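Step one of this worksheet: look at the structure below.
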Amino acid sequence: MNWLPRPADGLAHVAPSLLSADFADLKSDIADMTAAGADLLHLDVMDGHFVPNLTFGPFICQAIRRLSQLPLDAHLMITEPERYLKSFARAGVDALTIHVEIDGDVGGTLDRIGDLGLKRGLALKPGTPVIDILPWLDRLDLVLVMSVEPGFGGQEFDPTAADKIGELNHRRQSEGRSFLISVDGGINQQTGALCREAGADILVSGSWLFGAEDRAARVAQLGHST
Ligand code: DX5
Ligand code: ZN
């Protein structure tokens with residue numbers, strides 16, 4: 001298990017989303033992002049049912065584990081995450097983030113993730129209000145605020161995500177909780193700064209980071225307030 005503390009004020013952890021990596025040369029892209037200063041890797045798992053796209057599952061996560069020492073957060077955009085938790089744990093990921101919009105037993109699935117020794121994450125789509133995740137806030141290590149409809153990289157940031165981050169940050173302080181707040185979708189220097197100021201601890205970025213000439217400069221721009 002390999003995880004991250006809350007970043008210091010004004011800083012954020014940077015999580016490249018491998019959805020935008022070159023899967024024919026994942027090894028180079030991961031080494032490059034690691035050298036650029038990435039703090040963790042974000043793995044987008046899609047089942048073609050919860051979202052209208054397909055990516056990869058535990059098998060590829062296991063290969064990624066062999067390529068990197070960084071913490072791995074698997075973002076499970078799948079209808080029945082409970083069926084695959086053990087496989088992802090065996091693959092060596094550090095955190096499993098499920099969606100609150102699934103039809104299944106959210107609380108039971110989060111408990112099971114914890115029982116497997118992994119960090120428990122809960123994601124919400126742009127149209128889902130913060131109130132929908134409150135019943136499980138006490139058992140979360142991570143809240144993932146989606147700032148685009150899940151399914152594809154390269155979409156435009158939805159600014160209501162910053163309001164949700166602010167609401168979660170406020171609640172975290174007033175209730176004395178320690179979950180991390182992550183944001184995913186359309187993150188670049190401007191939107192990243194907005195989210196960092198609202199209280200986000202982890203900025204997930206795919207197309208903007210991988211499309212850069214100078215990835216180290218972009219990682220630094222996301223991670224720092226200057
Ligand atoms: C979308 C994924 C995101 C996506 C982010 O469903 O969850 O992680 O890859 O990509 P960008 O940064 O391009 O919006
Ligand atoms: Zn994601």
Exercise. In terms of the ratio Rg/(2.2 N^0.38 Å) built on C-alpha atoms, what value belongs to the chain?
Worked result: 0.92
Seminar exercise, completed: For the chain, the accessible surface attributable to carbon and sulfur atoms (probe 1.4 angstrom, ligands and nucleic acids excluded) amounts in percent to 47 percent
Problem set entry | Under 26 Å from the Cα of LYS164 - lysines, other chains or at least 8 residues apart | LYS119, LYS125
For this session: For the chain, with a Gaussian network of springs between Cα atoms less than 10 Å apart, report the residue from PRO58, PRO135, PRO126 with the top mean-square fluctuation.
Result: PRO135
Exercise. Trypsin sites (Lys or Arg not before Pro), restricted to region 139-185: which are DSSP loop and have at most 12 other Cβ atoms within 10 Å?
Worked result: none
Seminar exercise, completed: To the nearest 0.05, the calculated FRET efficiency linking ILE60 and TRP3 through their beta-carbon distance, R0 being 35 Å, is 0.95
For this session: For ASP47, ASP103, give the ranking by accessible area with the largest first, probe 1.4 Å.
Result: ASP103, ASP47
For this session: Measure out, as a whole number of angstrom, how far apart the alpha-carbon centroids of region 191-220 and region 116-153 sit.
Result: 19 Å
For this session: Starting from the residue with the highest accessible area, list SER28, SER147 in decreasing order, probe 1.4 Å.
Result: SER28, SER147
For this session: Kindly report, to the nearest 10 Å², the accessible surface of HIS99 as traced by a 1.4 Å probe over protein heavy atoms only.
Result: 0 Å²
Problem set entry | Positive minus negative residues near ILE165 (Lys, Arg vs Asp, Glu; Cβ under 13 Å) | -2
Seminar exercise, completed: Full extension between ASP22 and GLU82 adds, at 0.36 nm per residue less the Cα distance, a length in nm of 18.7 nm
For this session: Might you tell me the accessible area per residue for region 16-224, computed with a 1.4 Å probe and given in Å²?
Result: 42 Å²
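The values are calculated or read from the model by the stated rules, or taken from the named source; none is laboratory data. Because the structure is predicted, anything quoted here is derived from the model rather than measured. All Cβ positions, glycine included, derive from the backbone under ideal geometry; neighbour counts span all protein chains shown. Accessible surface areas use protein heavy atoms only, side chains included; no ligands, DNA or RNA. Shrake-Rupley method; radii C 1.70, N 1.55, O 1.52, S 1.80 Å.
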